[in-house]
Amino acid sequence: MLQFVSDWTIAELTERCAEALADRDAPDSGRVRAVPDERAIRYYTTLGLLDRPTLRGRTALYGRRHLAQLVAIKREQARGATLAEIQRTLPTLDDAALAALAGVEVAPAPRPTGRAEFWRARPATPAPPPVPAPAAAASALALRVELELGGGLRLSLSPDRPLTDADVAALHAAAAPLLAELARRHLVTPPEASP
């Protein structure tokens, strides 16, 4: 696996992507570039295929996860996948699966400490099944999404992009410990006991 440092500008990310793809499968059709240019990188970000960059002042900075996402996109295109097909699967991959697909090591996220661990704890009971995002959330014009978490609780948010099924499932999993604590304190009806 390739291993790189982070905090690249978009031009540096393009160079790293070219290096990572140099000895790999490249799309051979005339419709798809072998290496994405800066415009394509911005387009992939608007499609949700690429995480948003971090900003330092007015400069967008990219890291190893972005590189892995770009390499994965190009590898999938080399196999004949369309952007729509890639859009259905790529955003659902965790770091390990993304690294395996791209062949690019993804830096592990720093472990949170203290109260943040509460949200990472695995729930004792299985998470409720994912609830599809409201139809309004599928539109790029949606400003507010309400997600039923169970036990009479709703999460209201204004996402930067439409929610995917993986997003909904992750939010339900993250809310499970909170729901369990609220039910333990008899503040809400446990989701299993709800009609």
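The values are calculated or read from the model by the stated rules, or taken from the named source; none is laboratory data. The shown structure was predicted, so the numbers you read here are calculated from the model rather than taken from an experiment. Backbone-built Cβ (ideal geometry, glycine too); neighbour counts: all protein chains shown.
To keep it simple, each residue is scored yes or no on (1) modelled with pLDDT of 85 or more; (2) in a loop (DSSP other than H, G, I, E, B); (3) buried (at least 17 other Cβ atoms within 10 Å of the Cβ).
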site	(1), (2), (3)
Pro126	no, yes, no
Ala140	no, yes, no
Pro162	no, yes, no
Val168	no, no, yes
Glu181	no, no, no
Thr189	no, yes, no
Does Ala175 qualify as being in contact with a Leu (Cβ under 6 Å, 6 or more places away or on another chain), at pLDDT 60 or above and over 19 Å from Tyr44 (Cβ atoms)? yes
Residues to consider are Thr89, Thr82; find the one that is modelled with pLDDT of 85 or more, polar (S, T, N, Q) and within 16 Å of the chain's Cα centre (by Cα). Thr89
